[in-house]
Amino acid sequence: MACPVQFLCRAVRTVSLVLVYYVFSIGITFYNKWLMKGFHYPLFMTLVHLTIIFCLSTLTRSAMQCWTGKPRVMLNWKDYLSKVAPVAMATALDIGLSNWSFLFITISLYTMTKSSAVLFILFFSLVFKLEEPNPYLIVVVLLIASGLFMFTFESTQFNLEGFIMVLLASFIGGIRWTLTQVLMQKAELGLQNPIDTMYHLQPLMFMGLFPLFLFNEGLSLSTSEKLFRVNELSPLLYTLIMLSIGGSLAFGLGFSEFLLVSKTSSLTFSIAGIFKEVCTLLLATGLMGDRMSGLNWMGFAVCVSGISLHVGLKTYYSKSKVHSLRQLPIQNSQDLGVPLLCHKEYEGEETADDEEQEILL
């Protein structure tokens, strides 16, 4: 049993990592919404973010290579185009549509609708046989779907176009995270580290989103006084700095997710995500003036109950597999990983934390 000092240190570490994750996750949501009020080019903004994430990932990989003295993984073209490209396309559409929806909907509706991604992740996990069929999943689906219906029913700030965009993004997000799990479980690719995954994804994501950007925003952006027809240098620099801040937040979000999952567990990450949505809605109603009725709050509570039940079921069913998983050689454990990160250093950690590490998101 860990002594009180060790327990306190681990508790402080976990709380600190969760707070860092909250800062980046909630921060980029509100920042993008604020930026969209005066900059109506969400796809261009996403392309800038992808470029910044690629540059920062490259610098991070170089720093890690200098620190460890070991070369980082570099995929060949065949694996890159056949195995990484589907993940990149799904990720680009998920992020692009999510940012695009901020032109039409409130943060509260965005947050609530995005929660439905759990449904699509479950669906595609069953399709790809990453999830075992379970009768309790029907209850999870009904709770989340009912909560989403109650939240949007007679909402005074409901926008159909934005809602469809987020719902489509959630559907594609289900494909995205399922394919990401498959990609990161392939030990022969060597993409277990999310920094390497981010580095390989960004170029294909950029190329996949660029045609959609040209079709929807290319002409209007080329005649916009905010960028290409700017008369003074200061407004252009201001726009680029604002976009760069968003890109840095996007990279920080991915990196904070990596730290939280690797240093604690995917269960901690899932639970933190539930409370993050509560915090986001409270901030949206308090700071952004989002209006929510009693029925909307009840719908959100029902949806959170469904997500919590899903996390609890994953905890229960994963514990029965932990002992058999632990008997495998440590060099093969990476094949058993889960999204965002799969490998964890076992240095005197408690049995409970070891068990949590095997829980799928």
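The values are calculated or read from the model by the stated rules, or taken from the named source; none is laboratory data. Here the structure is a predicted model, which means the values were calculated and not measured. For neighbour counting, all protein chains shown are included, and Cβ atoms are generated from backbone atoms with ideal geometry for every residue, glycine included. The accessibility values were calculated without ligands, DNA or RNA, using every heavy atom of the protein model including side chains. Shrake-Rupley method; radii C 1.70, N 1.55, O 1.52, S 1.80 Å.
Scanning segment 219-238 for residues that are part of a helix (DSSP H, G or I) and open to solvent by 20 Å² or more (accessible area, probe 1.4 Å) gives LEU219, SER220, SER222, LEU233, SER234, PRO235, LEU236, LEU237, TYR238.
Looking across segment 72-90 at every residue that is among the hydrophobic types (A, V, I, L, M, F, W, C) and part of a helix (DSSP H, G or I), the one that is most open to solvent (accessible area, probe 1.4 Å) is identified as TRP77.
Going by what's in this entry, would SER57 be described as assigned to a helix (DSSP H, G or I), at pLDDT 90 or above and of a type in the set (Gly, Ala, Ser)? Yes: the conditions hold for SER57. Note on segment 267-307: residues that are touching a residue at least 60 places away in the same chain (Cβ under 8 Å) and assigned to a helix (DSSP H, G or I) amount to 26.
In segment 1-29, the residues that are more than 22 Å from GLY247 (Cβ to Cβ) and surrounded by 11 or more Cβ atoms within 10 Å (Cβ to Cβ) reach residues that are modelled with pLDDT under 85 and of a type in the set (Asp, Glu) with C-beta atoms within less than 7 angstrom, at least six apart or across chains, in these pairs: ALA2/GLU350.
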